[in-house]
Amino acid sequence: MREAIDFLRYYAAEAERIMQPQALPARPARPTCCGCRGAGRGPASARGTSRWRSSPAVVAAALATGNTALAKPAEQTPAIAAAAVRLLHEAGVPADALQLLHGPGETIGAALVAEPGIAGVVFTGSTPVAKAIQRALAAKDGPIVPLIAETGGINAMLVDSTALPEQVADAVVQSAFRSAGQRCSALRLLCVHEGIADGVIAMVQGAARELVTGDPVRWQTDVGPVIDGEAFEALQRHLRRLHAQARPLLPAAATDAGTRLVPPQAFEVARIEDVRQEIFGPVLHVVRWSGDPRAAIAAINRLGYGLTLGLQTRIDSRAEALARDARIGNVYVNRNMIGAVVGVQPFGGEGLSGTGPKAGGPHYLYRFCGEQTVTVNTTAAGGNVALLA
Ligand SMILES: NC(=O)c1ccc[n+]([C@@H]2O[C@H](COP(=O)([O-])OP(=O)(O)OC[C@H]3O[C@@H](n4cnc5c(N)ncnc54)[C@H](O)[C@@H]3O)[C@@H](O)[C@H]2O)c1
Ligand SMILES: N[C@@H](CCC=O)C(=O)O
């Protein structure tokens with residue numbers, strides 16, 4: 001809720017800032033003028049999971065820049081989306097400037113994307129669906145429609161031998177298991193230097209065992225259920241595969257589909273390359289590394305995703321060099337790697353993780369705008385140009 005309010009306030013202020021016409025230096029005398037205006041009808045917000053990200057954020061960005069918006073929330077969270085849109089209408093957003101459409105992505109979402117009048121699409125969800133939308137837009141006749149895709153990641157944390165193990169364990173448990181791992185930013189791959197690996201793994205195991213998995217209405221609960229039966233079944237399939245291929249580091253999860261509870265799980269794998277896809281739940285892969293940390297970052301880059309990265313080191317120059325090498329949108333040093341704050345940690349990835357621009361950052365709203373440059377030939381009127389200066 002706080003994040004949703006932050007987004008509304010931030011984009012309202014940003015729209016005021018960026019949508020002012022700017023005079024640019026020009027010859028002979030009268031400046032060229034450049035300004036932004038809303039791109040038009042849409043964007044359609046084919047929202048993905050509302051498990052964490054606040055749906056009103058995208059809608060606010062579209063409306064603040066003078067667009068109308070059609071919002072399609074995730075199938076799993078229709079009520080919160082309806083409540084958010086109701087609040088926006090009550091606050092004065094005209095009904096015909098913002099409409100909510102519920103329904104499956106394959107029908108309603110796909111139809112929205114294919115709609116001829118849509119000026120832009122903002123999508124939050126998985127990489128494969130983002131690719132499908134990109135292909136659908138490319139196949140459409142008419143104007144070239146921009147896409148903002150905010151997708152997932154195989155988010156890694158690189159821990160060197162100077163790191164503080166207690167701090168690492170705390171950051172790992174928060175980043176991998178809070179929100180039951182259902183954040184795009186969540187830690188999926190812990191890369192720990194072999195010199196301290198045994199100690200760090202033991203500490204993470206101890207801390208993870210203390211987490212209480214259960215009903216979120218109970219204050220003791222640390223890890224709630226996953227969002228639906230489909231997500232639960234997909235996680236069970238991943239866990240069966242990991243039990244066959246990797247070394248389990250935590251007690252096996254119960255498989256009661258009724259509760260949809262998946263306690264924290266961790267598996268040791270041999271190589272960074274062994275982790276091939278995002279698992280959207282409380283499942284951590286652990287790998288030991290040695291040698292040049294820049295080689296480890298290069299291997300992480302080769303996974304193709306680029307959303308979040310954690311670095312744990314007490315060598316500042318190393319943290320700076322590794323952050324520079326990483327082709328990753330959000331880098332966190334010696335802390336957890338979730339919970340980006342609007343206006344403070346603009347959020348979003350590159351590569352398979354998204355198209356940019358970064359949500360909650362100073363460049364986001366430009367993507368919702370058409371920019372127009374007006375150049376006037378002042379000599380056409382005749383007279384002395386110098387007098388117009
Ligand atoms: N980068 C971010 O900011 C961010 C934030 C939250 C979640 N995510 C990512 O979202 C994913 C989990 O969410 P999910 O399971 O809801 O993702 P998903 O891709 O399965 O679904 C996302 C949305 O796409 C719609 N959809 C499905 N097919 C469509 C089509 N052909 N055309 C148009 N819309 C279609 C669905 O109805 C849903 O609303 C994870 O990969 C996670 O990392 C990213
Ligand atoms: N911006 C959020 C994640 C959004 C995706 O689920 C974070 O930084 O944790």
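The values are calculated or read from the model by the stated rules, or taken from the named source; none is laboratory data. Since the structure is predicted, the reported quantities are computational estimates derived from the model, not experimental observations. Cβ sites come from the backbone with ideal geometry, for glycine too, and all protein chains shown count toward neighbours.
Observations, loosely collected:
- Cross-chain or 6+ apart pairs with Cβ under 6 Å, segment 325-347 first and touching a residue at least 60 places away in the same chain (Cβ under 8 Å), then of a type in the set (Lys, Arg): 338/183; 347/358
- Single condition residue 195 does not satisfy, out of (1) part of a loop (DSSP other than H, G, I, E, B); (2) buried (at least 16 other Cβ atoms within 10 Å of the Cβ); (3) out of contact with any Gly (no Cβ under 6 Å at 6 or more places or on another chain); (4) not assigned by TED's automatic domain parsing to the domain that holds residue 69: (2)
- Screening the candidates 367, 327 for the property of being of a type in the set (D, E, K, R), within 16 Å of ligand 1 (Cβ to nearest atom) and not assigned by TED's automatic domain parsing to the domain that holds residue 180 yields one hit, 367.
- Qualifying residue in segment 10-33 (condition: assigned to a helix (DSSP H, G or I), within 16 Å of ligand 2 (Cβ to nearest atom) and at pLDDT 95 or above): yes
- Contact map, segment 297-322: residues that are at positive phi paired with residues that are assigned to a helix (DSSP H, G or I), Cβ distance under 7 Å, separation 6+ or inter-chain. Pairs shown: 304/351; 304/352.
- Leading residue by the ranking (surrounded by the most Cβ atoms within 10 Å (Cβ to Cβ)) among those in segment 92-105 that are over 27 Å from the mean Cα position of the chain (by Cα) and outside any helix (DSSP H, G or I): 94
- With respect to the stated conditions, residue 159 is surrounded by 21 or more Cβ atoms within 10 Å (Cβ to Cβ) and closer than 16 Å to residue 308 by Cβ.
- Contact map, segment 172-185: first residue of a type in the set (D, E, K, R), second residue more than 10 Å from ligand 2 (Cβ to nearest atom), Cβ cut-off under 8 Å, separation 6 or more or different chains; pairs are 178/222; 178/223.
- All positions within segment 59-110 that are out of contact with any strand residue (DSSP E or B) (no Cβ under 8 Å at 6 or more places or on another chain), within 30 Å of residue 138 (Cβ to Cβ) and away from ligand 2 (no atom under 16 Å from the Cβ): 64, 75, 78, 96, 104, 106, 107, 110
- Failed item in (1) touching a residue at least 24 places away in the same chain (Cβ under 8 Å); (2) more than 16 Å from ligand 1 (Cβ to nearest atom); (3) of a type in the set (Val, Ile, Thr), with residue 144 passing the rest: (1)
- Sole exception among (1) within 14 Å of ligand 1 (Cβ to nearest atom); (2) under 23 Å from residue 18 (Cα atoms); (3) at pLDDT 95 or above for residue 356, by number: (3)
- Residues (at negative phi, under 26 Å from the mean Cα position of the chain (by Cα) and not aliphatic (A, V, I, L, M)) located in segment 241-267: 263, 264, 265, 267
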